[in-house]
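Down below is the structure, laid out as structure tokens.
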Amino acid sequence: MIKKLIVASLLFQFLATFAQDNEKRIDEILKQMTLEEKVGQMTQVTLDVISKGQPFDEKKKQEINEAGLKEAIHTYKIGSILNTGTHTLTRDEWYTIIGKIHQENKTSRLKIPVLYGIDAIHGANYTVGATLFPQELALAATWQPAYAEKMGQITAYEVRASAIPWNFSPVLDLGRQPLWSRFFETFGEDQYLATQMGNAAVLGYQGTNMGHPERVAACLKHYVGYSNSKSGKDRTPIQMSERELRELYLQTFKSAIEKGAMTVMINSSEINGTPVHASHRILTQILKDELKFKGFAVTDWEDIIMLHTVHRVAATEKEAVKIAVNAGVDMSMVPLNYSFFKHLVELVNEGQVPMSRIDDAVRRILRVKLQLGLFTKTHEEKSYYTKFGSAEFANASYQAALECVTLCKNQNNILPLKKGKKILVTGVGGNTLNCLNGAWTHTWQGVDSTYNTKGKKTIFQAMQELGGKENVFFVQGTSFDKDVNIAKAVEKAKEVDYIVLCLGEIPATEKVGDIEDLSYPAAQLNLAKALAAAGKPVITILLSSRPRLFTEVEPMFSAVINAYWPGDEGGRALAATLYGDNNPSGKLPYTYPKYSGSLVTYDHKLSEKRDKDFGFNAFNPLYEFGHGLSYTSFEYTAMSVSKNLLKGNEKIQVSIQVKNTGAVEGKEVVQLYYRDQFASITPSVKKLVRFEKISLKPGETKTVRFEIEAKDLAFVGADLKWITEPGKFDLMIGKSSIEISYEE
Ligand code: BGC
């Protein structure tokens with residue numbers, strides 16, 4: 001213990017000295033910098049600007065255009081470059097591109113290293129041969145923050161192994177609007193679960209020293225409130241009270257900033273009529289003053305220009321630059337030209353943007369570059385990264401995929417299936433890696449199969465491997481929205497014992513993924529109906545970015561597995577689960593709606609639940625948040641609390657016994673919820689406050705203990721301050737519940 005304390009205090013002293021030295025260094029650099037050099041640091045362009053060929057040509061070979069690079073470095077003195085622009089590049093290609101950038105930069109006056117950033121959101125998804133993990137939403141379904149950390153750690157390793165030190169991840173928006181095209185990029189609807197997963201991902205990315213050659217700087221996205229647009233369409237207006245913003249959406253960011261996250265990317269939308277890129281309140285007062293964020297805030301794609309062209313709060317592009325920088329933007333992802341640079345130099349010269357604001361932004365950017373160790377070494381030798389794309393890394397992704405698989409329904413224990421039975425695999429997701437990985441995979445939208453990782457198995461291939469080629473067949477049935485050969489699938493269905501129907505979505509994200517209808521397209525539902533009519537049990541796997549509705553056909557299915565977008569190892573994980581080599585233990589990180597008119601989260605208000613008088617309620621899900629079955633059963637008994645009265649800062653221990661009452665080993669997520677019985681702001685019917693995943697052998701019992709205190713029961717009051725009001729609370733685990741009281 002004492003040893004640990006000494007190590008911690010030495011580390012603390014080292015970090016404090018390192019920070020002081022960095023600040024001195026920044027002072028010195030700032031003194032030497034011209035206005036143009038400062039504004040250059042705040043300028044980020046996309047790789048296409050300095051490479052040959054046309055932007056947005058996903059097929060082109062990505063090669064540096066020497067003249068373009070010289071212009072970027074010497075004329076515009078740029079501080080940062082982003083993106084792949086095309087498709088996955090090999091590590092050799094990355095090393096050549098990044099090497100050339102740093103080489104050219106060495107001939108610049110101050111040689112301030114260029115910071116390269118990339119979207120490696122479920123693995124180093126823009127590097128050939130990298131390890132691709134389940135997407136964030138799927139990771140959340142494991143209810144194991146350790147997997148988010150592992151994903152972060154391996155991604156960081158493989159991103160650095162591509163000579164890149166900055167990752168635009170994790171997404172800390174909450175998935176509370178199921179229509180949203182980026183729902184899969186979130187850790188689900190619950191603030192507490194998303195906070196735990198987000199913190200773990202940041203730890204995985206940055207470690208305790210992001211200058212280490214196996215760590216990267218994290219970028220928290222998209223600060224703040226981005227996920228909750230009224231229409232559900234990407235980048236459309238958000239209406240949200242500041243109370244709600246603070247209680248839910250700000251929390252994930254606040255917590256990750258406290259854990260040391262050093263960059264944030266700004267929400268492209270408007271909140272209550274103010275684009276976040278123009279909001280001094282959100283970017284400066286809250287982020288920098290209140291949350292004491294020491295890193296820098298980068299815009300999202302072209303978002304300053306859009307203050308003029310789309311949001312129309314600025315009459316010219318130049319005015320847009322003025323508004324954004326004065327609001328607190330530190331770096332502009334311009335990213336297709338140098339308009340930002342030109343306007344900002346003029347604005348400072350005209351006194352419309354103070355030099356103190358520029359110095360603040362540049363100080364923050366230099367701080368991150370120093371912490372990343374870029375001044376000492378821009379990147380490590382390629383040969384350093386011996387574990388890139390290793391079996392060890394693939395196995396980590398496989399383990400996460402196994403644990404995200406969520407068994408929503410299993411009528412008469414139809415699953416697991418016996419090996420040797422005849423099985424038809426069908427549906428859009430049955431024989432493709434793209435529907436396992438989703439968007440941000442090898443290309444932005446992840447649709448092009450040309451670049452898929454070699455050697456990874458689709459569901460059909462993995463099932464053939466486990467169940468025998470002679471027993472497992474594939475007929476596609478439909479594409480995403482068209483009948484390809486439904487009749488043929490039905491013919492084949494007659495010859496088999498079971499049907500595995502893989503409903504899915506074509507990968508898409510951002511505006512490309514906007515939809516008009518939350519239901520699965522008619523073609524997929526028609527396939528389901530036709531197969532059910534064939535008289536063989538249908539086991540359905542859902543491979544979608546968000547909860548697409550299938551309520552009408554759900555009663556026809558014997559089993560339903562939600563697999564989200566489980567990544568490159570998803571096929572193997574699903575086959576192992578179907579055949580019982582894996583006992584599913586995933587739990588829904590969101591409420592699965594039954595109807596498009598009832599999109600209500602689990603932590604709703606009582607008024608959304610009341611149904612005595614009117615016969616239907618707002619909250620009417622198909623499957624509840626936290627739901628997920630196992631091939632074994634668990635019994636919860638003897639819930640108890642260490643005391644029923646919580647005073648001041650005291651803590652309360654809550655415990656419960658969980659027994660595996662079935663015949664196989666299994667994992668269970670024990671979830672502790674609370675309800676504030678009466679409060680000055682209408683309380684939620686329940687809120688998650690702790691969880692723990694445990695593993696139990698058949699017949700084994702474990703006691704799970706949680707500790708909570710008053711601040712865990714707090715909410716944001718009408719005065720926008722966190723408060724725990726004295727009164728009664730219910731603590732709930734499974735079907736058990738205990739009442740406690742709180743006194744100040
Ligand atoms: C997305 C961001 C992403 C950025 C850079 C934007 O369009 O909204 O999430 O990090 O592009 O690729």
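The values are calculated or read from the model by the stated rules, or taken from the named source; none is laboratory data. This is a predicted model, so every value here is computed, not measured. Note that each Cβ is placed from the backbone with ideal geometry, even for glycine, and that neighbours are counted across all protein chains shown. Calculation scope for accessible area: heavy atoms of the full protein, side chains included, ligands and nucleic acids excluded. Shrake-Rupley method; radii C 1.70, N 1.55, O 1.52, S 1.80 Å.
Miscellaneous remarks
- Extreme residue, positive dipole direction of the chain, given options Leu436, Leu713, Pro593 (C-beta unit charges): Leu436
- When only Cα pairs below 8 angstrom with a gap of at least 6 residues are kept, the range 274-386 shows a relative contact order of 26 percent.
- Considering only alpha-carbon pairs that sit under 8 angstrom and 6 or more positions apart, the relative contact order computed for the range 37-381 is 17 percent.
- Taking 0.36 nm per residue of separation and subtracting the Cα-Cα distance, full extension of the segment from Glu743 to Glu516 would add 76.8 nm.
- Straight-line reach from Lys469: taking Cα to Cα under 17 Å and skipping same-chain neighbours fewer than 8 places apart, the aspartates and glutamates in range are Glu495, Asp497.
- Accessible-area composition of the chain, carbon plus sulfur, in percent [1.4 Å probe]: 52
- The distance separating the Cα centre of the range 94-113 from that of the range 339-411 comes to 18 Å.
- Taken per residue, the accessible surface of the range 392-607 reaches 33 Å², heavy atoms only and a 1.4 Å probe.
- Cβ-placed point charges (K, R +1; D, E -1), dipole of the range 632-743 about Cα centre in debye, nearest 20: 200
- Environment charge of His442, counting only residues whose C-beta is closer than 11 Å and scoring Lys/Arg +1, Asp/Glu -1: -3
- Label point 7 Å beyond Cα of Thr661 along Cβ direction - residues of the range 628-644 with amide nitrogen under 16 Å: 629-639
- Helix-only mean residue ellipticity at 222 nm for the chain, each DSSP H run of n ≥ 4 adding -39500 (n - 2.57), per residue, nearest 500: -8500 deg cm²/dmol
- Angle in degrees between helix 339-349 and the longest Cα principal axis of the chain, rounded to the nearest 10: 50
- 18 Å Cα-Cα reach of Lys230 towards lysines, excluding residues that sit fewer than 8 places from it in its own chain: Lys511
- Shape call, the range 392-607: gyration tensor on alpha carbons, a/c limit 1.5: rounded
- Measuring with a 1.4 angstrom probe and ignoring ligands and nucleic acids, Glu104 comes out at about 30 Å² accessible.
- Per residue, in Å², the accessible surface of the range 37-381 once ligands and nucleic acids are set aside, probe 1.4 Å: 29
- Additional length obtainable on full extension of the chain from Lys469 to Ser383, 0.36 nm per residue less Cα span: 27.0 nm
- Helix 91-105 and the long axis of the chain differ in direction by around 20°, with both axes built from C-alpha atoms.
- Rounded FRET efficiency, nearest 0.05, which uses the C-beta distance separating Ser390 from Thr450 and R0 of 30 Å: 0.80
- Once the Cβ-Cβ distance of Thr236 and Glu608 is raised to the sixth power relative to R0 = 22 Å, the FRET efficiency obtained is 0.40.
- Convex hull projection area averaged over all views, the range 93-163, Cα basis, nm²: 5.3
- Taken about its Cα centre, the chain carries a charge dipole of roughly 1080 debye when the Cβ of each Lys and Arg holds +1 and the Cβ of each Asp and Glu holds -1.
- Rounded, prolate or oblate (a/c below 1.5 giving rounded, otherwise prolate when a/b exceeds b/c) for the range 241-324 by Cα gyration tensor: prolate
- Among the listed pairs Lys294/Lys687; Lys409/Lys693; Lys609/Lys687, those whose Cα-Cα separation exceeds 25 Å are Lys294/Lys687.
- Whole-angstrom gap from the range 428-451 to the range 15-87, using each part's C-alpha centre: 30
- Sequence-distant lysines (8 or more away, or on other chains) whose Cα lies within less than 17 Å of Lys697: Lys659, Lys667
- Label-reachable residues, the range 455-484, where backbone N falls under 17 Å from a point 7 Å from Ala530's Cα toward its Cβ: 474-484
- Checking the cross-link pairs Lys454/Lys529; Lys31/Lys106; Lys38/Lys292; Lys24/Lys322 against a 31 Å limit on the alpha carbon distance flags Lys454/Lys529 as lying beyond it.
- Mean Cα-pair separation over length for the chain, i.e. relative contact order, pairs under 8 Å, 6 or more apart, %: 12
- Charged neighbours of Lys61, selected by a Cβ distance under 14 Å, balance to -3 (K, R count +1; D, E count -1).
- Compared with the dominant Cα axis of the chain, that is its longest principal axis, helix 317-327 is turned about 80°.
- Counting DSSP beta bridges with both ends in the chain, the antiparallel % (nearest 5): 55
- Cleavage-rule hits (trypsin sites (Lys or Arg not before Pro)) in the range 44-130: DSSP loop, at most 16 neighbouring Cβ within 10 angstrom: Lys52, Lys59, Lys60, Lys61, Lys106, Arg109, Lys111
- Ordering of 434-444, 370-380, 273-283 by packing [mean C-beta count within 10 Å, highest first]: 434-444, 273-283, 370-380
- Here's the picture: a label point sits 7 Å out from the Cα of Lys651 along the beta-carbon direction, and within the range 705-741 the residues with their amide nitrogen under 12 Å of it are 706-710.
- Cα gyration tensor shape for the range 638-744, rounded if a/c is under 1.5, else prolate or oblate: prolate
- Applying the criteria of a DSSP loop state and at most 12 other Cβ atoms within 10 Å to the trypsin sites (Lys or Arg not before Pro) of the range 389-478 yields Lys418, Lys454, Lys469.
- Exceedance of the 32 Å cut-off in Cα-Cα distance is limited, within the set Lys59/Lys494; Lys150/Lys457; Lys422/Lys702; Lys221/Lys318, to Lys59/Lys494; Lys422/Lys702.
- Per residue accessible area of the range 632-743, 1.4 Å probe, in Å²: 48
- 14 Å beta-carbon shell around Glu665, net charge (K/R +1, D/E -1): +1
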